[in-house]
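For reference, the structure discussed in these notes is given below.
The values are calculated or read from the model by the stated rules, or taken from the named source; none is laboratory data. As the structure is a computational prediction, the values presented were derived from the model and not from experiment. Here Cβ is always computed from backbone atoms with ideal geometry, including for glycine, and neighbour counts include all displayed protein chains. In case anyone asks, the SASA skips ligands and DNA or RNA and just uses the protein heavy atoms, side chains included. Shrake-Rupley method; radii C 1.70, N 1.55, O 1.52, S 1.80 Å.
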Number of protein chains: 2
Amino acid sequence: MSLTERPTPRLADVARAAGVSLATASRALAGREGVSARMADHVRAVAARLGYVPNAHARALASGGASIVGLVVHDVADPYFAEISRGVLRVAAEHGLLVLINQSEREPGTELARIRELRANRVGAIVLAGSGYTDAGAERQKAAELVAFRETGGRVALVGRHHVPVDAVLPDNRAGGATAARHLLELGHRRVAVVAGPARLTTVADRLEGAAAELSAAGAEVVVEHDDFSREGGAAATARVLARRPDTTALLALTDVMAIGALSVLREAGRAVPAELSVVGFDDIPVAADLAPALTTVRLPMAEMGAMALELTLRTPAARPRRKRTTHTLIPRASTAAPSHLGA
Amino acid sequence: MSLTERPTPRLADVARAAGVSLATASRALAGREGVSARMADHVRAVAARLGYVPNAHARALASGGASIVGLVVHDVADPYFAEISRGVLRVAAEHGLLVLINQSEREPGTELARIRELRANRVGAIVLAGSGYTDAGAERQKAAELVAFRETGGRVALVGRHHVPVDAVLPDNRAGGATAARHLLELGHRRVAVVAGPARLTTVADRLEGAAAELSAAGAEVVVEHDDFSREGGAAATARVLARRPDTTALLALTDVMAIGALSVLREAGRAVPAELSVVGFDDIPVAADLAPALTTVRLPMAEMGAMALELTLRTPAARPRRKRTTHTLIPRASTAAPSHLGA
DNA sequence: ACCGTAGCGGAAAGCGCTTGCGAGATGACC
DNA sequence: GGTCATCTCGCAAGCGCTTTCCGCTACGGT
């Protein structure tokens, strides 16, 4: 190998080259007081000349605690989580924090493993985004891990409803589901299908509950099809809806990503949206406005949710878990209209 | 504060509780040889009972090197980078690596700062995704930082063309640009506008060069409008194209995200796509097929690019930088057609 | 000119873990 | 039954940095 492996300069090298002690060098570089400005400048200049990069592990070990936070999402490429991540990264950058990112792949086991890795890395805080699970067993293990982390000085914030007694940002899922349903009802729809994600996710349970309550209160017929929280899942669920209840006049997809799948199936099936079938989504991901037709949806402040979660972990810990509720907004676009027999 | 801050159990606690020495406990938990299976099981059981989580910093310090890799992207919420990130995370998970993610915000200065932070954290490898800069000064600083990192034992891989002598995954930008242009030419377009990102990015330069070369060789008129690499940038550039050259028959957007902005402006302007104006994008981000109309584009294997980059860093270092070129594929969809005077 | 005070710099003790080396124990072989 | 090879385990020395505790210097006050 022609690669010359040169040892990284250490603080001691900087100190020696600058003609000062370790303590002085450390203080100078950390910008701590107790060193004259002149001296500090000198040390910094020497460090720069040597290409010194402090060893964050040594620093973390000696001072106890690194400036790293952990982020766990279901899937980074899902626009919902991408937006949340962006919010988290923005706040992290503002505070000089580094972000260790993880995907849980929507698997409770994987999620648990990721949390442990984060703990091992002594991150200062963990932001767990994505839905909780309706399975009490999985939630209990996660809760134990997270509580242990907090008890050893870590900070935790969740995005979404989990059965864990820690700070959380709660998206307005139930009310959002109700709002979406009401929109369809007001347009005159009475045969509505819900294209839902996996029943074991609390996000799905909440949105569905809000929608179903509203719809049945109005005496509408409701069918629900569960599938993956993905474009393909949305497509598959929609195909089943079409087969099972061809007279459905409106589709309520519990995420925009699923709505995208729904729209594609409807397009292929030659069912005009919204003329024959209305479609409403959830989240308002960035592309929702650019779909064909533009998607009516319930907007959640995704990036802010991520930002708020990280900010929660930065505040002084509270004795009782804090809950921050978000708002939601119906964004009416071209994908919803009155059912055709009314329009006619 | 009612939060009971309990100290994290240390390896010494586990060793004592298990009745073994530190060395044995360490080896047992690391799964290293030199410890009988019986003993190792016992130690692991005790560790689990105590809720022991090894301190990754101490481990990194003692063993020199953490199992963390750094990833720098321009913007996590941009679908292009989200896909690359997914590829990186997949490979990282397969190898038990943690990923420290960073956004450079398309700022050379920020990018540099992020690389330094990654270095400070003694990551084993850095994957730098996103375009290089045509500004030689910025590239030089980045190169210095990256080369220094490599010389001190770090591994680096880039995605995209940078003026840095390290391993890289090179997307087929130039040829892809040519392919997109040829598609338009074959349809009969002769007045083409390129909706381009910032000129200082090598990605833009390469795609544009490939397209322009092909177009001018065919004697087509070409206008280029630069703007941000975003939906809004694409919209603004398109608006300018419309004002400057109303007789343009085809738009070549250098990324799908910009194409989305272009489509929205065209829709608002009442210009039918592809009847009046054809639009072709670049990347084939997941939603490209679901736009209105479905976007013709040049597909790049984004997730694989991320995966390949990380895998490059995992291989034994080579004396000379390795370059992996990707393929590209034209994905014809509904947004392109022959210009109207031909169709008529 | 003397003493008090403040402020700066140096020595050293860890932070929690890995690991090379050597001691002790165990079994094999003659 | 003795000797040697083979394992298993423990000791102790760091990894690079922070931080406390002191001692020293250089001032200003009187």
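Residue-level analysis places B:E151 among those that are within 14 Å of chain A (Cβ to nearest Cβ) and without any contact (Cβ under 8 Å) to a residue 60 or more places away in the chain. When A:L50 is tested against (1) more than 39 Å from the chain's Cα centre (by Cα); (2) in contact (Cβ under 8 Å) with a residue 40 or more places away in the chain; (3) at positive phi, just one condition goes unmet, and that condition is (3). The number of residues in the stretch A:61-70 that are within 8 Å of chain B (Cβ to nearest Cβ) and either buried (at least 24 other Cβ atoms within 10 Å of the Cβ) or of a type in the set (K, R) (or both) comes to 1. When you look at A:V273, is it under 22 Å from B:P293 (Cβ atoms), in contact with a Leu (Cβ under 6 Å, 6 or more places away or on another chain) and either in contact (Cβ under 8 Å) with a residue 24 or more places away in the chain or surrounded by fewer than 19 Cβ atoms within 10 Å (Cβ to Cβ) (or both), yes or no? Yes: the conditions hold for A:V273. Here A:H162 clears all of (1) open to solvent by 20 Å² or more (accessible area, probe 1.4 Å); (2) out of contact with any helix residue (DSSP H, G or I) (no Cβ under 6 Å at 6 or more places or on another chain); (3) farther than 24 Å from A:S67 by Cα except the condition numbered (1). Do the conditions hold for B:G233, that is, is it in the same structural domain as B:I285 (by TED's automatic domain parsing) and in contact with a His (Cβ under 9 Å, 6 or more places away or on another chain)? So B:G233 passes the test. Among (1) open to solvent by less than 20 Å² (accessible area, probe 1.4 Å); (2) in contact with a His (Cβ under 8 Å, 6 or more places away or on another chain); (3) assigned to a helix (DSSP H, G or I), there is one condition A:A262 misses while meeting the rest; what is its number? Among (1) open to solvent by less than 20 Å² (accessible area, probe 1.4 Å); (2) in contact with a His (Cβ under 8 Å, 6 or more places away or on another chain); (3) assigned to a helix (DSSP H, G or I), A:A262 violates only (2). Checking each residue in the stretch B:71-102 for being within 16 Å of DNA strand C (Cβ to nearest atom) and at the interface with chain A (Cβ under 7 Å from one of its Cβ atoms) picks out only B:L98. Residue under question is A:R16, and the condition is that it be within 13 Å of DNA strand C (Cβ to nearest atom), charged (D, E, K, R) and either open to solvent by 60 Å² or more (accessible area, probe 1.4 Å) or not assigned by TED's automatic domain parsing to the domain that holds A:A125 (or both); does it hold? So A:R16 fits the description; yes.
Here B:T316 fulfils each of the conditions (1) over 23 Å from B:L254 (Cα atoms); (2) among the polar types (S, T, N, Q); (3) open to solvent by less than 70 Å² (accessible area, probe 1.4 Å) apart from (3). Taken over the stretch A:222-256, residues that are over 21 Å from A:L330 (Cβ atoms), among the small types (G, A, S) and more than 14 Å from chain B (Cβ to nearest Cβ) amount to 4. Of the residues making up the stretch A:225-236, those that are among the aliphatic types (A, V, I, L, M) and part of a loop (DSSP other than H, G, I, E, B) number 0. Being of a type outside the set (V, I, T), within 10 Å of DNA strand C (Cβ to nearest atom) and within 13 Å of another protein chain (Cβ to nearest Cβ) is not true of A:R114. Inclusion of B:E145 among residues that are within 14 Å of chain A (Cβ to nearest Cβ), touching a helix residue (DSSP H, G or I) at 6+ places or on another chain (Cβ under 7 Å) and crowded, with 20+ Cβ neighbours inside 10 Å is warranted. In the stretch B:7-36, the residues that are within 14 Å of chain A (Cβ to nearest Cβ) form Cβ pairs under 8 Å with partners that are of a type in the set (S, T, N, Q) and in a helix (DSSP H, G or I), at six or more places apart or across chains, as follows: B:L11/B:S26. Being without any contact (Cβ under 8 Å) to a residue 60 or more places away in the chain, in contact with an Asp or Glu (Cβ under 7 Å, 6 or more places away or on another chain) and either outside the structural domain of A:E105 (by TED's automatic domain parsing) or assigned to a helix (DSSP H, G or I) (or both) is a condition met by no residue of the stretch A:201-224. Considering the stretch B:49-58, the residues that are within 20 Å of B:A23 (Cβ to Cβ) and surrounded by fewer than 20 Cβ atoms within 10 Å (Cβ to Cβ) include one that is nearest to the other protein chains (Cβ to nearest Cβ), namely B:A58.
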